Each structure stands twice: as C-alpha cells, then as structure tokens.
Amino acid sequence: MKNLSFIIFVFAALLVGSTITGCGGDDPVPTPMTGNTDTTEETSAKNQVTVGLVAYNNIETETERTFARYNSTSDVTEIILYGSDPTNGAIDFNIEVPGQTAKLFSREDNDGTAFQIGTGIIGDLKRKEYSALTTPFTITVTEYGAVGGRIKGTFSGKVKNNNTGQTLDISKGVFDIERKADL
C-alpha cells in the first residue's frame, strides 16, 4: 500500500510540475526600441598564442611597440607584437615573411620565414626566448591590408630555446596588427 501511495504522489507531482512549467504563450511581447539600437562594443584586435601549455588568450598590446610593416629593401614583412596577458604576464613575438602577400608560409620551405617568441620580462631571470630557426613552423597571412589597414593571420609549429635545447609547441597563434608605413 505504501508503494501505491508513493506512485500516486510522484504522478501527482509530475502532473502539477508539468502544468506550472509548461511551454508557450505566457511571455510578454517585447517592446520595440527606438533610437540607436546598436549594442556592439568596439573591441581591440585579438592577438593570442599558446606557448607549450600556457595560453596567452587576452594579450593587451603595447601600441608603440606593436606594428607590422613592409621593408622594400629586404622584401620582408615584419610583424612585431609586445604585450601582456592579465593571467600569464609579458609576451612578445616577431614574425617575418617574404613579400606582401596573404598566403601560407612554411619555415621548412626556406623562403625567408622567421619566428621568435619571448615570455617574461626582459632582464628578469624568468625570461624565456624561443625561435623557429630549425623547427617546423607555419604562418598563414589571411589578410594583407594597405598602410593603415590590418595584417592578420595565424601561426603554429615548434620552437626551440637555443640556450637549453628545450622544444615547445606553439599553437592557436593569432595576430591582427596595424600596418605602419613601409621602409
């Protein structure tokens, strides 16, 4: 008898619960907004990279030292970023790709592509520097804007600390940097 009472109680609770939380038509009709309805916020370009297991997802760039520019003498585009992630601290990277083209570059093609990255503060004992001078590395420039525009892209591969020989994976690298006047 106790089981039957329990089953009836559960059934009644489900019945009441379904009528209280039923779907449909009780929501008020939204009132149209007048005037400026643009709620988008202006955000800075997103630059990020994961160095080994450490993710620098919210790099706040130093505007004076972060730029991209084409050097006509060497036919190389330099992409330089200095910044800091609120969680993981100081980071900087330097990318060089030949020419002025949006395309896939690979360090293994010996096409003049170069990549260096540093974490920590210069002069700090915790400073670590790596490069992709002898390791597989790819850089994809997805947008190559005019002077005053943006140079955007992605990068990934392996880097090596030339002092210790330690090799790390670089992944989820993204850059979006203003192009300054050519040299």
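The values are calculated or read from the model by the stated rules, or taken from the named source; none is laboratory data. A quick note: this is a predicted structure, and the numbers were derived from the prediction, not measured. Only protein heavy atoms, including side chains, enter the accessible area calculation; ligands, DNA and RNA are left aside. Shrake-Rupley method; radii C 1.70, N 1.55, O 1.52, S 1.80 Å.
Summed over the residues of the range 144-183 and divided among them, the accessible surface reaches 52 Å² per residue at a probe radius of 1.4 Å.
Of all lysines in the structure, those lying under 19 Å Cα to Cα from Lys103, and not within fewer than 8 positions of it along the same chain, are Lys152, Lys172. The value of relative contact order for the range 83-183, using C-alpha pairs under 8 Å at least six residues apart, is 21 percent.
Mind listing P(r) for the range 63-183? All alpha-carbon pairs, 10 Å bins, whole percents. Reading upward from the zero bin: 13, 45, 34, 8. Within the straight-line cut-off of under 15 Å between alpha carbons, the aspartates and glutamates reachable from Lys46 are Glu60, Glu62, Asp85, Asp92, Glu143, Asp176, Glu178, sequence neighbours fewer than 8 places apart in one chain being disregarded. Across the accessible surface of the range 43-122, with the other protein chains kept in place and a 1.4 Å probe, carbon and sulfur atoms take up 46 percent.
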